[in-house]
1. Taking the stretch 23-52 on its own, how many of its residues are touching a helix residue (DSSP H, G or I) at 6+ places or on another chain (Cβ under 9 Å) and within 16 Å of E76 (Cα to Cα)?
2. Output the residue which, of all residues in the stretch 19-67 that are hydroxyl-bearing (S, T, Y) and either in contact (Cβ under 8 Å) with a residue 60 or more places away in the chain or surrounded by 15 or more Cβ atoms within 10 Å (Cβ to Cβ) (or both), is farthest from L81 (Cα to Cα).
3. When you look at T108, is it modelled with pLDDT of 90 or more and of a type outside the set (A, V, I, L, M, F, W, C), yes or no?
4. Let me confirm something: among L99, L81, L85, which residue is surrounded by 10 or more Cβ atoms within 10 Å (Cβ to Cβ), touching a residue at least 24 places away in the same chain (Cβ under 8 Å) and assigned to a helix (DSSP H, G or I)?
Amino acid sequence: MSSSAEKYDVFQAIADPTRREVLRLLAENELPISKITSHFPISRTAIAKHLHILSEAELVKGRKVGREKIYQLHPEPLGELKEWLSYYEQFWNNKLSMLKHIVEQNETSADN
């Protein structure tokens, strides 16, 4: 599959710190590409590529307004990420509970 036809998923889209920052900016307001670009030390073309990946992952949507394209956040696909992370959150909560139990047992044994 050529890179131009590649479909990106949420995990690929958020893997890049620039794309995560773009999502943060769009969480605050809808923005045209010119305003998004002004927050980064990279070219408009590079930002357009990042926006393309975010669009492919369905995290942002763009609409034409006059000569500009205005982008807005669509956070619904982040639910997949939240579900995936919740498993690991439970995993670490269980590990910390076990550690707490072991530490408390050792403290009780030391007190006796």
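The values are calculated or read from the model by the stated rules, or taken from the named source; none is laboratory data. Please read all numbers here as calculations on a predicted model, not as lab measurements. Ideal geometry is used to build each Cβ from the backbone, glycine not excepted, and the neighbour counts take in all protein chains shown.
1. Total meeting the criteria: 2.
2. Ranking the qualifying residues of the stretch 19-67, first place goes to T37.
3. no
4. Criteria check complete, one pass: L81.
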